[in-house]
Amino acid sequence: MKAIQVLLLAALLSASAPAEPQFHYPDQVTSKAFLQQLIADRVYFFISSDYAKSLLVHHAEPVIPSSDAIGARVSGTVIIAFEITKDGKVRHAMAVSGPKLLQSPVLAAVKQWTFKPYLLAGEPVTVATSIPLTVSN
């Protein structure tokens with residue numbers, strides 16, 4: 001089973017760009033660098049953003065500096081991809097998309113989050129997810 005999942009991830013990494021643009025749902029958005037990290041960490045399960053949110057125990061809000069005149073007017077959605085470890089900690093979080101001015105504060109907030117461990121056959125396992133976070137000022 002793990003071999004099939006590794007082959008699937010490898011196929012995703014080596015696939016050439018499609019001729020037509022494709023729409024990706026927010027809980028499926030990730031990056032090549034993140035997929036490579038998942039392979040290195042031997043993370044084989046990707047859970048939806050909705051399911052990951054249901055496991056959320058501690059949530060920190062992004063702090064956007066209000067003193068920055070430009071930052072005060074920036075809003076948008078930042079998608080953060082990360083691993084949830086066996087003990088519910090965030091690991092290898094990275095901003096996948098969104099306004100550059102918002103990526104750093106949103107990333108800093110997500111790194112503080114904690115989750116209930118994801119259980120597979122009653123045992124905690126490390127999983128991957130991506131979560132869209134909308135910031136408006």
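The values are calculated or read from the model by the stated rules, or taken from the named source; none is laboratory data. Since we're looking at a predicted model, the values are computed, not measured. For neighbour counting, all protein chains shown are included, and Cβ atoms are generated from backbone atoms with ideal geometry for every residue, glycine included.
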Number of the condition not met by Thr30 [criteria: (1) touching an Asp or Glu at 6+ places or on another chain (Cβ under 9 Å); (2) modelled with pLDDT under 90; (3) surrounded by 15 or more Cβ atoms within 10 Å (Cβ to Cβ)]: (1)
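Can you work out which of the residues in the stretch 35-62 that are among the polar types (S, T, N, Q), outside any loop (DSSP other than H, G, I, E, B) and surrounded by 12 or more Cβ atoms within 10 Å (Cβ to Cβ) is farthest from the chain's Cα centre (by Cα)?
Gln36
Condition check: touching a strand residue (DSSP E or B) at 6+ places or on another chain (Cβ under 8 Å), modelled with pLDDT of 90 or more and of a type in the set (S, T, N, Q). Does Thr77 satisfy that? If you could, list the steps in order and put the result at the bottom.
Working: touching a strand residue (DSSP E or B) at 6+ places or on another chain (Cβ under 8 Å): yes; modelled with pLDDT of 90 or more: yes; of a type in the set (S, T, N, Q): yes.
For Thr77, the condition - touching a strand residue (DSSP E or B) at 6+ places or on another chain (Cβ under 8 Å), modelled with pLDDT of 90 or more and of a type in the set (S, T, N, Q) - is met.
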Hits in the stretch 104-132 - residues which are buried (at least 20 other Cβ atoms within 10 Å of the Cβ), under 13 Å from the mean Cα position of the chain (by Cα) and part of a strand (DSSP E or B): Val127, Ala128, Thr129, Ser130, Ile131
Verdict on Tyr51 being out of contact with any Cys (no Cβ under 6 Å at 6 or more places or on another chain) and at pLDDT 80 or above: yes
